1. May I ask you to work out the translational diffusion coefficient for the chain at 20 °C, viscosity 1.002 mPa s, via Stokes-Einstein with Rh from the Kirkwood sum over Cα pairs, reported in whole µm²/s?
2. Under a 1.4 Å probe, what is the accessible area of the stretch 79-214 per residue, stated in Å²?
3. Could you please state, rounded to a whole Å, how far the C-alpha centre of the stretch 1-45 is from the C-alpha centre of the stretch 129-170?
4. If you add up the charges near Leu114, with Lys and Arg at +1 and Asp and Glu at -1, over every other residue whose beta carbon is less than 14 angstrom from its beta carbon, what do you get?
5. In percent, how large is the relative contact order of the chain, given Cα pairs closer than 8 Å and 6 or more residues apart?
6. What's the extension gain from Tyr132 to Gln156 if we count 0.36 nm per residue and subtract their Cα-Cα distance?
7. Quick check for me: using +1 on Lys/Arg Cβ and -1 on Asp/Glu Cβ, what's the dipole size of the chain about its Cα centre, in debye to the nearest 20?
8. Assuming R0 = 25 Å, can you tell me the calculated FRET efficiency for the pair Ser74 and Lys97, based on Cβ-Cβ distance, to the nearest 0.05?
Amino acid sequence: MVDLQRHARHLSLPNVGIEGQQRLVDASILIIGAGGLGSPAALYLAAAGVGHLGLVDDDVVDLSNLQRQILHTSQSVGTPKVESAKKRLHALDAGVKVTAFQTRFNPGNAMQLLEMGWDLVIDGTDNIPTRYLIDDACALKGIPLVYGSIFQFEGQVSVFGYQGGPSYRDLFPEPPPPNAVPSCEEAGVFGVLPGVIGLLQATEAKIGRATCRK
């Protein structure tokens, strides 16, 4: 049910209104990665009133994460990221259903994780093999994918597989050689950059759910 007071500013938008907000309430979105990209995406999707968020991550919060992973706090250090994220999201809006999967998205569980009725998947990961796996699994299941990627001071955002559109693998048929792309730990990352890219991912997700007619 739409919370009229909480989401009053959405309801005033002519292209959203009650109908669009109800679509957000009815939406189920899976976020793979509860780190730099997943943090802002999850916060703003929860704030927007998305009814069900799934979080997939096998890592624990480290002090070095706090420079950019805004779901987590100093008190979260050493705890599983998905549990820290769930607690933070419920503090924002206890009405949002949050399902935590404390596991790495891998070939053994990919299809099972996607067989839970998700309307959309957000890729918040930071490694190339997992990115291709997410794209391939979403293509097989026919689930739209909101992709995001960051490197030092620059980032990319795109939507793949929407209404039969191209996939990430269509754009990049072959992955780069192993170790060709350094990790954030190796190359560094400007703290606010994941926030910008993650917010753009959340924007794509919200616009697609709230304003598009089926």
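The values are calculated or read from the model by the stated rules, or taken from the named source; none is laboratory data. None of the values given here were measured: they were computed from a predicted structure. Cβ: placed from backbone, ideal geometry, glycine included. Neighbour counts: every protein chain shown. The area values use the complete protein model at the heavy-atom level, side chains included, leaving out ligands, DNA and RNA. Shrake-Rupley method; radii C 1.70, N 1.55, O 1.52, S 1.80 Å.
1. In µm²/s, the coefficient rounds to 123.
2. 54 Å²
3. Using only Cα atoms to place each centre, the spacing works out to 21 Å.
4. Cβ neighbours under 14 Å give a net charge of -4.
5. Relative contact order of the chain: 23 percent.
6. Fully extending the segment from Tyr132 to Gln156 adds 7.1 nm.
7. Roughly 740 debye, rounded to the nearest 20.
8. 0.40
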